[in-house]
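S.K.: I'd like to ask you about the structure that follows.
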Amino acid sequence: MTTAFVPRDAADVARLVGAYPLCWVISGSTEERLATPLPLLAETDEHGRVVSLLGHMGRTNPQHEALVANPRATILSMGPQGYISPRLVSNLTWGPTWNYAVCRFETEVHFVPEETGDALWKLAEALEGRASDSWTPRQMGDRYEQLKVRIIAFRAVVLETHPRFKLGQDESDSVFPEIVEGLENRDLADWMVRTRP
């Protein structure tokens, strides 16, 4: 991977998961491959580096049993992405491309049933915010406990992190601003600007 597409700092990967929490959890051998999309929370060290991903899944999900037997999993995080058309630039020789920010985590999954309630509250807070009118699990009343027993929290300890932020870092100083200005996908444009060296 070209160093141009490496995030500027480790905290950018945590920001990616925070902004786009729905990740693919993939486990098993080729013959027994299982994959589940789940919202995850990045847990970081003092340098902002992602050290684990906290989430929960249904106890009846076949992947739960499979991960108990073999806890290794690949987790894929997909952030902003989109087609970059040559129509956006004045250089007629410039070719089209696709910009994106993604990360592949190689992990070991540990189920932590004692943290299920805490994981649910943390996820709700991350997605709802902390405003006075934000939804909380408390509003479910008795139904919360009835549903909580059907899921189990897990922590995916990160063994390897493989980010790739292809966000126009290698574009010339004349082409880059034209792309950013012309992009309809303003989230992608924002990530491009923030990751520009």
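S.K.: Choose one answer from Val13, Val25, Val89: the residue with the largest mean-square fluctuation in a GNM of the chain with alpha-carbon springs under 10 Å.
M.R.: So, out of Val13, Val25, Val89, the one fluctuating most is Val89.
S.K.: Here's another thing I want to ask about it. Would you mind ranking Trp191, Trp94 by Cβ crowding within 10 Å, fewest neighbours first?
M.R.: With the sparsest Cβ surroundings first, the list reads Trp94, Trp191.
S.K.: Additional query: Please identify the trypsin sites (Lys or Arg not before Pro) of region 1-96 that satisfy two criteria: DSSP loop assignment and at most 14 other Cβ atoms within 10 Å. Which are they?
M.R.: Loop-located and lightly packed - Arg8, Arg33, Arg59.
S.K.: Which of these, Leu67, Leu147, Leu53, has the largest mean-square fluctuation under a Gaussian network model of the chain (Cα springs below 10 Å)?
M.R.: The residue with the greatest mean-square fluctuation here is Leu147.
S.K.: Please build a GNM for the chain, connecting alpha carbons under 10 Å apart, and tell me which residue among Ala19, Ala42, Ala131 fluctuates the most.
M.R.: Maximum among the listed residues: Ala131.
S.K.: Now for a separate question. How long are the semi-axes of the ellipsoid equivalent to the chain, from square roots of 5 times the Cα gyration tensor eigenvalues, in whole Å, largest first?
M.R.: 36, 20, 15
S.K.: Which distance in Å, rounded to a whole number, links the C-alpha centroids of region 140-163 and region 29-100?
M.R.: First find each Cα centre; the distance between them is then 17 Å.
S.K.: So for Trp24, Trp98, fewest C-beta neighbours within 10 Å to most, what's the order?
M.R.: Trp98, Trp24
Readers should treat all values here as calculations from the given coordinates under stated rules, not as data from a laboratory. Treat the numbers as computed from the prediction; the structure is a model and nothing was measured. Note: ideal-geometry Cβ built from the backbone for every residue, glycine included; neighbour counts use all protein chains shown.
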